[in-house]
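Input: a single structure, listed below in structure tokens.
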Amino acid sequence: MSIYRQIYKKIRKYNRIVIAHHIGPDPDALGSTLALKDIIQKTFPRKVVYVVGASPTKFKYIGIGDKFEDSLYNDSLLIVCDTPDIKRIDGVDPFKFKDSIKIDHHPFIDKYCNIEWIDKTASSVSQMIIELTYKTKLKMTIDAASKLYIGVVSDTERFLHSYTTSKTFELVSKLIKDTKLDFTKLYPSLYLRPIKDLQFQGYIMNNLTITENGFAYIKLTSDIFDKFGVDSATAGNLINNFSFIEEIIAWGFFSYDSTNNVIRGSIRSRGPIINEVLAPFNGGGHPLAAGVRAESFAVVDEIIEKLDSVCAEYNNLIEK
């Protein structure tokens, strides 16, 4: 039985379904989970479907999740999207559910669901939800299409990343054609920024440290965020804007999050594999786009040293 059929049968079986994403959700995590809720409810109107986990204010245009109560563990199916490891699931314990499904496009880390569909070749989980819908009797909606398009565009950075494939374009093309989606109206929500964000971006650009191996980094403290009127998440939102600087091949922003007393690292690369470097520090993600949470700037210095070494190794391979 195909993975699509297995997932569809589980969805059809349960009257109550809880859908979760990772901590600190991005547009792909939110778009895929909220769209899947729309799709399931369109296909099975009598089912009760919840999307749980935090919904950041900056992404409220995608949608808002539901409140979770412990009673929802009883006789429910859990579907976790865009989350490779147990510790990053937002708000629920997967082992308390009667049944569970994982849908993810990251490299495998933990097995925590009864059915796990992992496709590292997919550009995004939003792409996988489009595929699942068209491979089964699930019904697409225009609202779901909007959320999924946003998820795909955001995770591929407008189809620029190498894991954007012909399959990505085929599925997105079908989505647009079938739903008559006016995708141009979705871009302002994704890309409009207040002037303070751009001023903050200018500060980052002017204060990046660039090593001789081509690794660029900056450490950002509460004082800097206060100066520009931004928060620790803002740097992560700007990370992809530095993709085409000739002198750097990998870069990282390390931001102190005073709310959680942790340093959030967002790292990107144009060649060196970075997720393997971050794994020993309880970080991870994709080979060229990953993140980490560090307990101190001393740990950040260790991470920076390791990432710089990977850049040096990469340069040596290119030169040979």
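The values are calculated or read from the model by the stated rules, or taken from the named source; none is laboratory data. Note that this is a predicted model, so its numbers are computed, not measured. Backbone-built Cβ (ideal geometry, glycine too); neighbour counts: all protein chains shown.
Annotation: of all residues in segment 199-247 being touching a Lys or Arg at 6+ places or on another chain (Cβ under 8 Å) and among the β-branched types (Val, Ile, Thr), the one that is nearest to Ser154 (Cα to Cα) is Ile239. For segment 227-247, the count of residues that are more than 30 Å from Glu276 (Cβ to Cβ) and among the aromatic types (Phe, Trp, Tyr) is at least one.
Pairs linking a residue in segment 37-54 that is closer than 15 Å to Cys81 by Cα to a residue that is among the polar types (S, T, N, Q), with Cβ atoms under 6 Å and 6 or more positions apart or on different chains, are Asp38/Thr141; Ile39/Thr133; Val49/Gln41; Val51/Thr33. Before we move on, is Lys60 surrounded by fewer than 22 Cβ atoms within 10 Å (Cβ to Cβ), at pLDDT below 95 and within 18 Å of Asp143 (Cβ to Cβ)? When the stated conditions are applied, Lys60 passes them.
Starting from residues that are among the small types (Gly, Ala, Ser) and farther than 24 Å from Asp119 by Cα, keep the ones in segment 1-56 and report whichever is modelled with the highest pLDDT. Reasoning before the result, please.
First, the residues of segment 1-56 that are among the small types (Gly, Ala, Ser): 2, 20, 24, 29, 31-32, 35, 53-55.
Pick out the ones that are also farther than 24 Å from Asp119 by Cα and you get 54-55.
Numbers: Ala54: 89, Ser55: 83.
Taking the candidates together, the pick is Ala54.
Here is a list: Gly291, Gly229, Gly252, Gly265. Which entry is surrounded by fewer than 21 Cβ atoms within 10 Å (Cβ to Cβ) and either of a type in the set (Gly, Ala, Ser) or modelled with pLDDT of 95 or more (or both)? Step by step, each of Gly291, Gly229, Gly252, Gly265 is checked, and only Gly229 is surrounded by fewer than 21 Cβ atoms within 10 Å (Cβ to Cβ) and either of a type in the set (Gly, Ala, Ser) or modelled with pLDDT of 95 or more (or both).
The residues listed here are Lys219, Lys227; of these, the one that is assigned to a helix (DSSP H, G or I) and basic (Lys, Arg) is Lys227. Highlighted here are the strands (runs of 3 or more DSSP E) found entirely within segment 77-143 that include at least 1 residues which are over 19 Å from the mean Cα position of the chain (by Cα) and surrounded by fewer than 21 Cβ atoms within 10 Å (Cβ to Cβ): 99-104, 115-118.
Answer yes or no: is there a residue in segment 165-173 that is in contact (Cβ under 8 Å) with a residue 24 or more places away in the chain, part of a helix (DSSP H, G or I) and aliphatic (A, V, I, L, M). Reasoning before the result, please.
Residues of segment 165-173 in contact (Cβ under 8 Å) with a residue 24 or more places away in the chain: 165, 167-168, 171-172.
Filter once more, so that each one left must be part of a helix (DSSP H, G or I): 167-168, 171-172.
Remaining after also requiring aliphatic (A, V, I, L, M): 171-172.
Within segment 165-173, one or more residues are in contact (Cβ under 8 Å) with a residue 24 or more places away in the chain, part of a helix (DSSP H, G or I) and aliphatic (A, V, I, L, M).
Residues in segment 9-66 that are of a type in the set (Ser, Thr, Tyr) and outside any helix (DSSP H, G or I): Tyr14, Tyr50, Ser55, Tyr61. Thr57 passes every criterion in (1) without any contact (Cβ under 8 Å) to a residue 40 or more places away in the chain; (2) farther than 21 Å from Asp155 by Cβ; (3) not charged (D, E, K, R) apart from (2). Exactly one residue out of Asn241, Asn213, Asn237 is in the same structural domain as Asp308 (by TED's automatic domain parsing), in a loop (DSSP other than H, G, I, E, B) and surrounded by 13 or more Cβ atoms within 10 Å (Cβ to Cβ): that is Asn213.
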